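Right, one structure below, let's go through it.
Derivation of every value follows stated rules applied to the coordinates shown; laboratory data play no part. The model shown is predicted, which means the values in this text are computed figures rather than measured ones. Every residue, glycine among them, receives a Cβ derived from its backbone with ideal geometry; neighbour counts consider all protein chains shown.
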Amino acid sequence: MRTLFLSSLLLCSQLVLAQTKLDKQGHRGCRGLMPENTIPAMKKAMDIGVQTLELDVVISKDKQVVVSHDPYMAADISLKPDGTPVSADEQKKINLYQLTYAEIKKFDVGSKPHPQFEQQQKFKAYKPLLAELIDSVDAYAKAKGLPQPMFNIEIKSSPQTDGVYHPAPEEFVQLVMAIFNNKNLSKRANIQSFDARPLQLIHKQSPDVVIAYLTANNKTLDENLTTLGFKPKVYSPYYKTVTAETVKACHQQGLTIIPWTVNTKPEIDNLISMGVDGIITDYPNLF
C-alpha cells in the first residue's frame with residue numbers, strides 16, 4: 001500500500017511539474033466559455049491564465065485580415081445584420097472573401113446559442129480584424145497587469161478553395177505577414193496551418209518565423225514532415241493520433257509537440273503524462 005501511495009504521489013508531482021512548463025493555449029480564445037475568435041474570448045482566456053491565444057484568419061474582399069475559423073458565416077454561430085439566423089443551407093454562400101470588412105462586421109457571431117458548447121456565454125459580438133485583436137488584448141494585458149500573450153495564428157486555406165474562399169498562398173501570406181511584422185510579433189507568435197503551401201512560403205521568405213504544422217491523419221511524423229518539406233519548430237497533431245511514441249519521435253528530432261483540441265481533464269492529464277509541450281483546448285479553465 002505504501003509503495004502504491006508513493007507511486008501515485010510521484011505521478012501527481014510529475015503532472016504538476018509538467019503543467020508549470022506547459023504551453024496552455026486557448027482554442028479560438030476559449031470557445032467552450034465565450035463566443036469563438038472574438039476579443040472578449042481572448043480576454044477571458046488571459047484572465048484564466050492562458051499563455052497563448054490560438055486563432056484563425058481569413059481574408060475579406062477588401063484584403064483585410066479577419067479573425068474567423070470559417071471563410072463564411074457559419075450557421076452555428078451567425079445572425080444576419082437584421083437579427084435572423086444564418087441557415088445551414090445558405091452559410092457557405094455568405095462568403096467572407098466576397099464581403100468587405102464593413103459588411104462582415106455587421107453580422108452577430110456571439111448571441112446565438114452554440115449547439116456544442118452549453119457553457120458558452122452569449123452576447124452580441126463581431127469578427128474582429130487581426131490587428132484590432134492584437135491591440136485590444138495587449139492593452140487589456142497592460143491594464144490588468146497580465147503578461148503579454150503569445151499568438152498562435154492559423155492560416156485557413158486549401159488548394160481546393162484558392163480564389164474562391166481566399167486568395168492564393170502568395171497573397172494570403174503577404175497580407176498576414178504584413179500584420180505580423182507591423183505588430184512586431186516575431187518573438188510572440190507562430191504561424192500554423194494544415195495547408196503546407198503557406199508554411200513553405202513563410203519558411204523560405206522568413207526562416208526565423210516559428211512554424212507549426214497542423215495534422216489530422218494517422219501518418220507517421222516522418223511522413224507528415226515529408227509532405228511539409230522542412231522541419232518546423234512545432235508539430236500539432238489531432239490529439240487522438242498522439243501516442244508516447246509520437247511524443248518521443250518529436251523530441252528526438254528537436255520538435256515541440258502541441259496537440260489540438262483537448263477538451264476533458266483526463267485527456268489533458270494523459271497527454272501531459274506522455275510529455276507533450278503544450279495543449280490547445282476550448283476549455284482553458286481545465287488547466
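Couple of notes before you dig in:
- Of all DSSP beta bridges confined to the chain, the antiparallel ones make up roughly 20%.
- Highest average first, the peptides 139-150, 22-33 ordered by how many other beta carbon atoms sit within 10 Å of their residues are 22-33, 139-150.
- Averaging over all projection directions, the Cα-based convex hull of the chain occupies 16.3 nm² in the image plane.
- Segment 67-140-segment 20-64 distance, computed between alpha-carbon centres (Å): 14 Å
- One decimal place: the segment residue 205-residue 245 gains 11.1 nm when fully extended, by the rule 0.36 nm per residue minus the C-alpha distance.
- Computed Rg/Rh of segment 54-181, alpha carbon atoms with Kirkwood Rh: 0.98
- Counting neighbouring Cβ atoms within 10 Å and putting the fewest first, the residues 197, 188 line up as 188, 197.
- Kyte-Doolittle mean at least -1.0, axial Cα span of 20 Å or more - DSSP H helices of the chain: 2-21, 130-144
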